[in-house]
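*Asks:* Take a look at this one; I'll ask things after.
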Amino acid sequence: QVQLVESGGGLVQPGGSLRLSCAAPRTIFTTWRMGFWRQAPGKQRELVATISRGGGTDYGDSVKGRFTISKDNAKNTVYLQMNSLKPEDTAVYYCNANWGMQSYWGQGTQVTVSS
């Protein structure tokens, strides 16, 4: 079983910032597409951002210009820098590793944006 280990969630005020991390096994990290998805109560899971093994990125429309995904190859870790957070960003954020039809998920980390 592949384990993706997430960290970095928490409570932040609107306009604030948080950084999520996701550590993956090296064989996964170096070949699979990594990313973050989120799910708010009563809503479907939605794409936040992904990054390919070559560093190409893709973002959901609602986070473009505010969130940045990056990777540290030495640490086998993907990061999601979240700036200008809004209450509607409140959700459980899940790390994902994807290769075609195969997919692994992290345990999820809660992000709450509230004053």
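The values are calculated or read from the model by the stated rules, or taken from the named source; none is laboratory data. Quick caveat, the model's predicted, so the values are computed rather than measured. Neighbour counts are summed over all protein chains in view; Cβ atoms, including those assigned to glycine, are modelled from backbone coordinates with ideal geometry. For accessibility, only protein heavy atoms count, side chains too; no ligands or nucleic acids. Shrake-Rupley method; radii C 1.70, N 1.55, O 1.52, S 1.80 Å.
*Asks:* In the stretch 18-33, which residues are out of contact with any Cys (no Cβ under 7 Å at 6 or more places or on another chain) and not in a loop (DSSP other than H, G, I, E, B)?
*Replies:* Restricting attention to the stretch 18-33, the residues satisfying the condition of being out of contact with any Cys (no Cβ under 7 Å at 6 or more places or on another chain) are 18-21, 23-33.
The answer is Leu18, Arg19, Leu20, Ser21, Ala23, Arg26, Thr27, Ile28, Phe29, Arg33.
*Asks:* Among Gly60, Gly55, Gly65, which is open to solvent by less than 70 Å² (accessible area, probe 1.4 Å) and over 14 Å from the mean Cα position of the chain (by Cα)? Steps first, please.
*Replies:* On the way: Gly60 fails: over 14 Å from the mean Cα position of the chain (by Cα); Gly65 fails: open to solvent by less than 70 Å² (accessible area, probe 1.4 Å).
Result of the check over Gly60, Gly55, Gly65: Gly55.
*Asks:* When the residues of the stretch 16-38 are narrowed to those that are polar (S, T, N, Q) and in contact (Cβ under 8 Å) with a residue 60 or more places away in the chain, which ends up farthest from Met101 (Cα to Cα)? Walk me through how you get there before you give the answer.
*Replies:* Going residue by residue through the stretch 16-38, those that are polar (S, T, N, Q) are 17, 21, 27, 30-31.
Remaining after also requiring in contact (Cβ under 8 Å) with a residue 60 or more places away in the chain: 17, 31.
Working: Ser17: 33, Thr31: 14 Å.
It comes out as Ser17.
*Asks:* Which of the residues belonging to the stretch 82-100 are closer than 17 Å to Glu46 by Cα and either more than 11 Å from the chain's Cα centre (by Cα) or of a type outside the set (A, V, I, L, M) (or both)?
*Replies:* Across the stretch 82-100, the qualifying residues are Leu85, Lys86, Pro87, Glu88, Asp89, Thr90, Ala91, Tyr93, Tyr94, Cys95, Asn96, Asn98.
*Asks:* Pull out all pairs, ordered by first then second residue, where Cβ-Cβ is under 6 Å, the residues are six or more apart or on different chains, the first lies in the stretch 65-76 and is under 24 Å from Gly15 (Cα atoms) and among the aliphatic types (A, V, I, L, M), and the second is open to solvent by less than 30 Å² (accessible area, probe 1.4 Å) and modelled with pLDDT of 95 or more.
*Replies:* Ile69/Ala49; Ile69/Ile51; Ile69/Leu80
*Asks:* Does Thr50 count as surrounded by 18 or more Cβ atoms within 10 Å (Cβ to Cβ), hydroxyl-bearing (Ser, Thr, Tyr), modelled with pLDDT of 95 or more and more than 13 Å from Val111 (Cβ to Cβ)?
*Replies:* yes
Conditions tested, residue by residue: (1) among the charged types (D, E, K, R); (2) closer than 21 Å to Gln3 by Cα; (3) touching a Gly at 6+ places or on another chain (Cβ under 9 Å).
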site: Gly35; (1), (2), (3): no, yes, no
site: Arg45; (1), (2), (3): yes, yes, no
site: Gly54; (1), (2), (3): no, no, no
site: Leu80; (1), (2), (3): no, yes, yes
site: Ser84; (1), (2), (3): no, no, yes
site: Glu88; (1), (2), (3): yes, no, no
site: Tyr104; (1), (2), (3): no, yes, no
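*Asks:* Within the stretch 1-17, take every residue that is open to solvent by less than 50 Å² (accessible area, probe 1.4 Å) and in contact with a Leu (Cβ under 7 Å, 6 or more places away or on another chain) and give me the one that is farthest from Gly65 (Cα to Cα).
*Replies:* The extreme case among them is Glu6.
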